[in-house]
Amino acid sequence: MYIDTSVFVKLYTREPDSAECEKVVAGHRLVSSELLYTELWSALLAKERHGQLTPEARQRVWQLFEIHLLEDAVELIELDGVVIREAAEMIARVHPMVPLRTLDAIHLATFANLDAGPLFTNDRRMIDAARLLALPLAR
């Protein structure tokens, strides 16, 4: 199952719908773009800045994520020029119906080139774009 950063944040930190997200991903191979590495780090630091995570909790979460990468519990797909160009094409294909952001388009383009099961995201724009692009969604 391809998972974007919005869901990974819910899997690694406690949010109101974290338990629901855990149920959806249970038993699936977890795949994402290598964008996740920086996006998750940024999200954890934002949670720390807003008092939602202590520095120690942030560090524990990050260490767990790193372990999951080493153990292949989470697989990150490398970016390349093909994905970047396809992301730009996707932005154009959903325009003007969906104002798809660059990094979300890169996630969608990465997903579109894989056989990883459905896409799991909580991002409304990504969901709307995936539907327009006929990409399979989880849930």
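Modelled this way, with points 7 Å down the Cα-to-C-beta line, the labels at ARG49 and ASN113 are 3.1 nm from one another.
In the elastic network of the chain, a GNM with C-alpha springs shorter than 10 Å, the most mobile of VAL74, VAL82, VAL98 is VAL82. Summarising the amide proton neighbourhood of VAL74: residues at separation of 5 or more, or on other chains, whose placed amide H is nearer than 5 Å comprise LEU69. Among the listed values [x] 10.6; [y] 11.4; [z] 8.3, the one matching mean projected area of the Cα convex hull in nm² as calculated from this structure is [z].
Phi angles of the range 86-103 translate, via the Karplus equation with coefficients 6.51, -1.76, 1.60 and θ = phi - 60°, into HN-Hα couplings of 5, 4, 4, 5, 5, 4, 5, 5, 9, 6, x, 5, 10, x, 5, 7, 4, 5 Hz per residue; Gly and Pro are given as x.
Each value in this text was obtained by applying a stated rule to the coordinates, not by laboratory testing. Computed from a predicted model, the values in this text were never measured in an experiment. Neighbour counts run over all protein chains shown; Cβ positions are idealised from the backbone, glycine included.
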